[in-house]
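Following: one structure in structure tokens, then a few remarks.
The values are calculated or read from the model by the stated rules, or taken from the named source; none is laboratory data. Keep in mind that this is a model prediction, so the values were computed, not measured. Cβ placement follows ideal geometry from the backbone for every residue including glycine, while neighbour counts extend to all protein chains displayed.
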Amino acid sequence: MRRTLQIYFLLMASAMLLFCRPAAAGENIPTIINSEDAANKVFEKAKNTLSSRLNMHFQLPMEIKLVSGKELDAMVKDSPYRGNVTGLHTFKNGRHVIYMMTNVGRDDFYGTMCHEMTHSWQLENCPPDQSLVLSEGLAVWVEMKVLYWDGAYYMVNQINQNFGDPIYGVGYRYMQKIEDKYGEKNVLQVVKNMRDIPPGN
Ligand SMILES: [Zn+2]
């Protein structure tokens, strides 16, 4: 009886831990992001993570705008990635405006937002003529980092499957080399002054 009771309490305790886990994170972010309120919650979380884990800070104002997939596609109509874009960083009149596709799953939205915010940081900190492979490589690296830290391994795998890409894939693999050499905390500082990835990467 006593033994059974102990097991019962143990089971109850682990069940409570399981139930408490999302609440303990204090996020309260819905599964699908389709409102300004939900988007802003993800934005706050992204700012906190990028600042605390990567020391990534922003000087200029930043605004998040939710748009439909159709609207986003129209904005990138000349891009070869049209149809696969879920976020877009723009800069107008001294303000960052990040367009984010609505009705996107929480993990996808969070990773994409951190990716686009990396482009904001690059605009404020990196040489304006930095190559696309370098800037997208860093943005993907940050995206993967935040997803790992969040335990969003499904998303990580999804992104990993597209890494044959000559810009995103090549750039990301180069960032992994930088991380191995200088450490996670120094990647931004190392990339900050670079213009391109060295030949042979
Ligand atoms: Zn990008």
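Between A139, A74, the distinction of being out of contact with any Lys or Arg (no Cβ under 6 Å at 6 or more places or on another chain), more than 15 Å from the ligand (Cβ to nearest atom), aliphatic (A, V, I, L, M) and free of Cβ contacts under 8 Å to residues at least 40 places away in the same chain belongs to A74 only.
So how many residues does segment 154-171 have that are within 11 Å of the ligand (Cβ to nearest atom) and not in a helix (DSSP H, G or I)? Walk me through how you get there before you give the answer.
Just the residues of segment 154-171 that are within 11 Å of the ligand (Cβ to nearest atom), to begin with: 167-168, 171.
With the extra rule that they be not in a helix (DSSP H, G or I), the set shrinks to 167.
Going through segment 154-171 one residue at a time, the tally reaches 1.
One residue alone among G111, G87, G83 is within 16 Å of the ligand (Cβ to nearest atom), loosely packed, with under 12 Cβ neighbours inside 10 Å and under 22 Å from Y154 (Cβ atoms), and that residue is G83.
Tell me whether segment 94-107 contains one or more residues that are part of a strand (DSSP E or B), of a type in the set (V, I, T), without any contact (Cβ under 8 Å) to a residue 60 or more places away in the chain and within 12 Å of the ligand (Cβ to nearest atom). Taking every residue of segment 94-107 in turn, at least one turns out to be part of a strand (DSSP E or B), of a type in the set (V, I, T), without any contact (Cβ under 8 Å) to a residue 60 or more places away in the chain and within 12 Å of the ligand (Cβ to nearest atom).
Would you mention how many residues in segment 122-136 are under 16 Å from S51 (Cα atoms) and either surrounded by 22 or more Cβ atoms within 10 Å (Cβ to Cβ) or within 10 Å of the ligand (Cβ to nearest atom) (or both)?
Selection size over segment 122-136: 1.
For M117, the stated conditions hold: it is within 19 Å of D37 (Cα to Cα), modelled with pLDDT of 95 or more, in a helix (DSSP H, G or I) and within 11 Å of the ligand (Cβ to nearest atom).
Of (1) without any contact (Cβ under 8 Å) to a residue 40 or more places away in the chain; (2) of a type in the set (G, A, S); (3) within 14 Å of the ligand (Cβ to nearest atom); (4) surrounded by fewer than 22 Cβ atoms within 10 Å (Cβ to Cβ), G151 satisfies all except one. Which? Checking G151 against (1) without any contact (Cβ under 8 Å) to a residue 40 or more places away in the chain; (2) of a type in the set (G, A, S); (3) within 14 Å of the ligand (Cβ to nearest atom); (4) surrounded by fewer than 22 Cβ atoms within 10 Å (Cβ to Cβ), the one that fails is (3).
If I filter segment 174-191 for residues that are closer than 29 Å to K70 by Cβ, within 16 Å of the ligand (Cβ to nearest atom) and free of Cβ contacts under 8 Å to residues at least 60 places away in the same chain, do I get at least one hit? Scanning segment 174-191, I find no residue that is closer than 29 Å to K70 by Cβ, within 16 Å of the ligand (Cβ to nearest atom) and free of Cβ contacts under 8 Å to residues at least 60 places away in the same chain, so the answer is no.
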